[in-house]
Every structure is written in structure tokens, then in C-alpha cells.
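Working notes, beginning with the structure itself.
Values in this text are rule-based calculations from the coordinates and carry no lab data. Source: prediction; values computed, not measured. Don't worry about glycine lacking a Cβ; one is built from the backbone with ideal geometry, like all the others, and counts go over all protein chains shown.
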Amino acid sequence: MIRRRWRALQAAGVMGINRRNADYIMPLNPRRNFPIVDNKLLTKERAILHGVPVPELYGHLSTPHEIRELAGMIADKPGFVVKPAHGSQGDGILVVMEQRKGRYRTSGGRLLDADDMEHHITNALSGQFSLGGLPDQVMLEYRVRFDPVFEEVSFQGVPDLRIIVYRGFPIMSMVRLPTRQSDGKANLHQGAMGAGIDIATGLTRPAVAAGNIVLDEHPDTGARISGRTIPHWKEALHMAARCYELAGLGYLGVDIVLDAERGPLLLELNARPGLNVQIANGDGLRRRTEAFDPLAERSHTPLERVALARDLARRGFRADHAA
Amino acid sequence: MRLRHLLILVLVLSVIGTGFFVFKWQVLGFPLSADRDADTWTVEARVAFSRSTAGPVKASFGLPTEPPGFRIFDEQFISRGYGLALEGEGESRRAVWSLRRARGEQALYYRVTLFRDRGHQPERPVPRFPPVPQLEEPRASALDELVTRVRQESADIATFAAGAIRVAQGTEGGVRLFTGARPDAAAQADLVIKILHSARIPAQVIQALRLADDRRDAELEFWIMVHNGSEWVYFDPRDGRRGLPANMLVWSWSGEPVLEVEGARSPRASFSMRYTIEDALRVAEFRAQRDYPRIIDFSLLNLPLDTQSLYSILLLVPLGAFLVVLLRNVVGISTFGTFMPVLVAMAFRETQLLNGIVLFVLIIAAGLSIRFYLERLRLLLVPRLAAVLTVVVLLMALVSIVTHRLGIEVGLSVALFPMVIIAMTIERMSILWEERGPAEAIKEGIGTLVAAAVIYLVMIMPAVRYFLLVFPETLLVVLAAILLLGRYTGYRLTELLRFRALAGGDK
């Protein structure tokens, strides 16, 4: 039973954690480039340098006494996002929908007063959400008004696109849809749903919840998930491909949000992207990376890589012999 | 390339580890488990003689060599002013005591400590066919006649030897010619050998000591050793019975007198012995100390006892770490902190498994509720951690006091839980609880407990603890296994479940 399952997964080219760590992250992601993705302030800086659009940064805080400056930073902004620079897996992110009379309403509907906000930021600054508990910085940035395409398939929060970029090629992607269970967060660990996206067409596949159940209906809204076209898909792929040069990492998870006005914005990068994207796509990552290996031998511009990737996707990621 | 490097390293480590282990086990005789005792005999030979006038004396005494079924691990000579020289090698090993001016009753001692090792049967050389004894008449024809008689009554070498022994005990004239009027064991044994040699059967007289606890004034007995073409067979010359009893210690491989004294009268060698049960490990150590002092100098067993007991625990840590690697990277259990389960397992050693789990859950649960309460007070991270730590210690004290009051002793061992670790666990669990939901937090908590329980169950095996203390070099093999797992890129067992949806289509 175990052996049969093992063989079946191997045949499908499914990547396990050990494989990802040993054969992808270790050889392709040099340690010295990790800070670029681990520190979201640095990611933003680099992204601006490379012309990759990001949510506007309103300001950042490094020490508790700077919290006084908070009000000034967000004075004229109705909504904003509080984000620890080193937070992992969406921990510590606070999405403020609107502020009124010194009180903040979060995406989850909670009402915070200045005291609550200060406590949250202090916790984040002292490293509660960072890897290893090191002192952290807090960013205040533009709250994305997400594209209406996802309106009926997400419960509050911001749905985002996760694109796996292998040696510069966008090879697999999914959209993560917040649910009531995930408290409006687009994190699969917290109960958000992941729906695979066809690289070639930008069409969504039936979604998969964190519990690995395949279902085509959003549990909170009841709307069908598959068959939706992601707007600005080509642009999103191009952004993702450019992140390869930006971060210098050969195995990368690129998180992109679709803003109603500004189009795709780079949210964050991940040097150790999760493996659930495989379940959302019903396909193994290894199978796809192997198809891209011959292409990666020559260097291409990001635009060329996107074209090659879509081409390969159209052929079902079967390398030349199947064409 | 990198993989080959790793494989070579793994191979080298395993070879060194197992090599050392096999050497200590096979050559030095380190026992594989703690409960093995060694039957140990201390035999003291008293060599006595007397001289009425002062003058030079030289006493030569045969020493035991390679007695079958025994190993010698200690020898002492009590020489009382005599010069001592060890002469000869192998079977003819002798102690030679000498003194220029000796007078009166003299007694010298040789003490040997042996332990029983039934498997130790040193190979003895295959002899050549002995020449037929050349005798004068009438002994020649008498011997011929005895040989013929024995041959008629025998079928093979073994029965021939038994027949020869029976005949040599007879009292008729033909036998008397050899054994004399008052036959003694030496003469009888000698006749047996003569009969066997006449039939060209390799045979020799040996002398052995019958071991019995607290026996004093024992003397050596003659035994007959016959080569039956493939191996040596022992016979008791008194009744012709075959086989050397387990309590016979072969002292001399010849019939020659064990003690030869020049310059003194009435030489006598008598033996006394004592039986003790020694720890087999100590015996092995003793031997190693004598034969390979370098190696044993680097043994953990030479450390002071309290340091040793510390190491018997410390050496379990790498094993625990190895199990964590196995559970996390091969099985795929998620746990709090990488090596937290090892520490919890160490604490379980003191509390026992069930009590340990109950106490652990109790303290974590109580600490967690306190932590959630503290969250409302809006404390900064470090003071909050310190507060949780303080509360954890107080909780431990409380549990101990309450259980003591109730007359349950286990509660007292709660103090052995690594409290800082527990405080950190509570902190991490509460963040996980808030950020990822209770399900994730409880899942990791259970994973930690399961891993700790598995590690604990391995750690408490006395055999494991003993094995690592006596053969710490096996940790090199553990290290090799850990390194090898460092390149394990296969699926984790839990991933087989996690990705089951992807396996469905490929049946």
C-alpha cells in the first residue's frame, strides 16, 4: 500500500519536502540572497529598483517609541495594512479597512482602539511573528482593493496569486482564496482555499482546501471557483519571472495581489514556497521542473521565459518529445 | 560528486565505528549486555620445599597456558625475596624462582585469576604419528600383548583409548611390569600412552586441576589427551570416561612434573581456589587494560562514577536526535522546536511515561491559560516570557505539593521538566493557537508528545543505555546514519497521505 502510493506519487512527479529542501532550495537558493525575500522592506526596495510594482509603502517603524509617528503616516489613508517585515506565513498581518475617530476596523470586522494597535505593533517589533523571535520592523502599506473578479469566491480579506518560479520560469500557480475559517487570510495553513491556475490561459481549476479535499464551490459564498480568468495574467507572469533576477533565487514563490486600480502588485517573495500548490493543480512540481531544465540551460529575458513557459504549458509540460 | 564525498564519509564513519565495536566485543570480550556475569576462579598455587642448610635453591614451576574453556586475565607471583624469571613460551611457560642462600621451609605463591569462557577453545597443533616405543624384553612383548588385547576389544580410536585405560588399571603381571607393585596414576597414565603410541595413535599426558569452590590442598590430576584424527579428545585415566568436565582446568600440557626444585628437598605444589562471580564487563576491562592499555585509557569506563552516569544519559542525546530526524524527515511528524521531544523524553525518564504525559499536558494547559490571560494585559514579549516562566515554576511547585499531600510520589519528579523549554513551548503554542488556530497547535503538541514517547521508550531500554556507554563508538554509526538521512530526498510518510489526491490518477 505504502509502496504503491509512493510509486504513484513518484510517477506523477510530486515533490516532497525533503526533495524540495535538498534538491531545489539548497542548490538553487544561495543563502546570501535570503534576506532579500525574508525582509519585506528589502523586497520592496529591490522590487522598485527592478520596476516591479508593489503596494505603496506609507512608512515603517523600527522602535516602540516611533509608534507615535503612526498617526502621521496614515493620516489621510482610510485603509492600510500593518505587516511585520520578517513575518512568516502571514503571521502578524493586520488589515485595516477603515479608521474612524482613532479606532480601526480590521478586515475580520474587529474594532481596535489605539491601545490594541500599539500592542500589536509592539509585539511585532519585539519579534513575536518573526522567525527566531528576533526584533523586527513593522511596515505600513497600501491596502489593496482587490479586483472584483474574486469578489464572489472569497470571504473578506485579499485573495492572492502564488506563482512558483523555477530558474526564472513561472511553472505553477494558484490563487489563494480566503474563507471564514482562515479569518480572511490567504493562507492555506489557516484554512484558505487554493485553486490552481493554468499557466497558459490564466483559467482557474477547481479549488482545493487545506484539508486536501477537491471541491469547486467556495464554502462561504457557494460560488463556482473553476473557469474564472485571472485578469492581467500575462503581466502577473512577467512580474513573477522578473523576480528571478530581483531575488537571485532559482526556486521561488512569488505572491502577487490584483488591485482593482493598479493591477498586479508584488506582495512578497518566498524562498521556501509550500507544496500545496501541487494539490491545487493536481500535478507534481518535479514533473514540471524537469520539463524546464533543458530550457534553462540558455539564458532568456523574463519576457522570453514567460512565452516559453506558456508554450510548454500549452503542451501539458511535456518536453519536446511529446510535441 | 558531493554525494560521493558524503557516501565515503558515511562509509569511513561506519567502518571505524563498527570496527572498534567488533574489536572490543570479539577481541577484548566486552559483553553485549549488562546482565552477563563471568564465572571467575582465583587459583593459588603454593610451591613449597625445604632446605636444612643455607644454600642456593632454584625452583621451576610450570604455569598454565591457554587452558580450554577459560581465559586468564590476571597473574601474580609472591616471591618473598626470590629472584623471578619467566622462561619458555607457549606450553612450556615456567616461572623460575632462585635464591642464593635459602634455608628452612620455603613457600612461594603463584596466583592466577581466570574466567570461564566456554567458547574459548584454543587450537592445538595436529600432531605427527608417534614412533612406536622401543622397549627391552620382557616389557616389549608384554606391551605387544596388551596392545593386541586392546585392539581386539575396540572399534575405533576412542574405544581403543578407553580400552587402553581399562587395561592399564588391571593388576595382572603384564600390567604390573609397567605400573609397579603399588600402581600410581602417573605410571598408569604412562602405560596408557605407551599402548596408544604402539598403535601409532598420537596421545599425551596432561595435568589438570579440578576446580571446586573453596577447595584447598588440591593436587593436579593426570589426564590423557588423544588425537582421533580430526581433534583432540580428553580421557579420564581413572575410569576411561571421555571428555573434559567443565570444571577441569588444564594446567600443564605434559606429564612432566610441574615443580622441579634444585638444591632443596621435599618439593610440593598444592593448589587452593576460590570461585567468584565478577561483572563480565569488569573482566573485559581488566583484560583490555592489560593487553591494550592505550585503548582502555580512552574508555568512558575509566571516568569517575558520577561522570559516567552523566555520560550514560548524555550519550542518549545523539540517539534521541537521530530518532527526531527519523520522525520528522522520514515519518513527517511535526513537533514544537526541533529537539524539544528529546528534552521532554529525558524528563519522562524521571517521571515514567504515563505520569510524564499527564504532568506535561497539565502544565502546558495551565500555562497556556495563564498565557492567554497575560495576553489581555498587553505585556511586552520578554517580560511576558519571564512571567510565563515564573508561573510555570510555581505550577510545578504546586503540582509537587498537591501530589505529595495526596501521597503520590510521582508529582515530585515534575521538577525535572526543563522549565525554560516548557515556558517557550507555551509561548510558541499560544502564538500558533492564535495565528493558525487551535487545531494546528494541538496537532503539533500531540506530535511532540508522540515523538517524546517514542524517544523515551527507546532511551529507557537498559540495553541501549549500557550499549552506548560501553561501546560509545557506535555513535559514529549513528552519526553516519544521520548524515545519510541528511540527503534523504524521498517522501515523508505523512506526505503519502497529504498528496493522496495526486496519486489517485496514476493507479
The range B:5-66 to the range A:1-25: how many Å between their Cα centroids? 53
The equivalent-ellipsoid semi-axes of the range B:307-500, taken as the square roots of five times the Cα gyration tensor eigenvalues and listed largest first in whole Å, are 30, 24, 14
So for R0 = 41 Å, FRET eff. of A:Glu56-A:Arg315 from the Cβ-Cβ r, to 0.05, ends up at 0.55
Take the alpha carbon atoms of the range B:134-200, find their radius of gyration, then divide it by 2.2 N^0.38 Å using N residues; give the quotient. 1.00
Rough spin-label spacing in nm, given labels placed 7 Å along Cα→Cβ, for A:Leu134 and B:Arg182: 10.0
Partner lysines for A:Lys101 [C-alpha distance under 17 Å; skip if fewer than 8 residues away on the same chain]: A:Lys77
Neighbour-count ranking for A:Arg7, B:Arg492 (other C-beta within 10 angstrom, fewest to most) reads A:Arg7, B:Arg492
Mind checking the full-extension length gain between B:Arg274 and B:Thr494? Use 0.36 nm per residue of separation minus the Cα-Cα distance, one decimal, nm. 73.1 nm
Semi-axis lengths (Å, descending) of the ellipsoid that matches the C-alpha gyration tensor of the range B:335-404: 24, 16, 10
At what distance in nm do the modelled label points of B:Leu314 and B:His5 sit from each other, each positioned 7 Å from its Cα along Cα→Cβ? 3.0
With the crude spin-label approximation of a point 7 Å out along Cα→Cβ, what separation in nm comes out for A:Arg298 versus B:Asp214? 9.8
Here the convex hull volume per residue of the protein assembly as shown, taken over Cα atoms and given in Å³, is 267
Quote to one decimal, in nm, the extra length available between A:Asp115 and A:Arg31 on full extension: 0.36 nm per residue of separation minus the C-alpha distance between them. 26.4 nm
For a Förster distance of 30 Å, can you work out the FRET efficiency between the beta-carbons of B:Ala463 and B:Leu353, rounded to the nearest 0.05? 0.95
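What is the fewest-to-most order of A:His120, A:His86 by other Cβ atoms lying within 10 Å of their Cβ?
A:His120, A:His86
Would you calculate the convex hull of the Cα atoms in chain A and tell me its volume per residue in Å³?
136
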Residues of the range B:52-89 with backbone N under 15 Å of the label point set 7 Å from the Cα of B:Thr42 along Cα→Cβ are B:73-78
Take the alpha-carbon centre of the range A:244-317, take the same for the range B:415-491, and report the distance between them in whole Å. 36
Using +1 on the beta carbon of Lys and Arg, -1 on that of Asp and Glu, and nothing else charged, what's the dipole of chain B about the Cα centre, debye to 20? 1020
Histogram of C-alpha separations across the range A:1-102, 10 Å bin width, %: 11, 29, 26, 16, 12, 5, 0
Taking 41 Å as R0, compute the FRET efficiency from the Cβ-Cβ separation of B:Arg294 and B:Ser154 and round it to 0.05. 0.15
What number, in percent, do you get for the relative contact order of chain A if the mean sequence gap of Cα pairs under 8 Å and at least 6 apart is divided by its residue count? 20
When N is the residue count of chain B, what does its C-alpha Rg come to as a fraction of 2.2 N^0.38 Å? 1.53
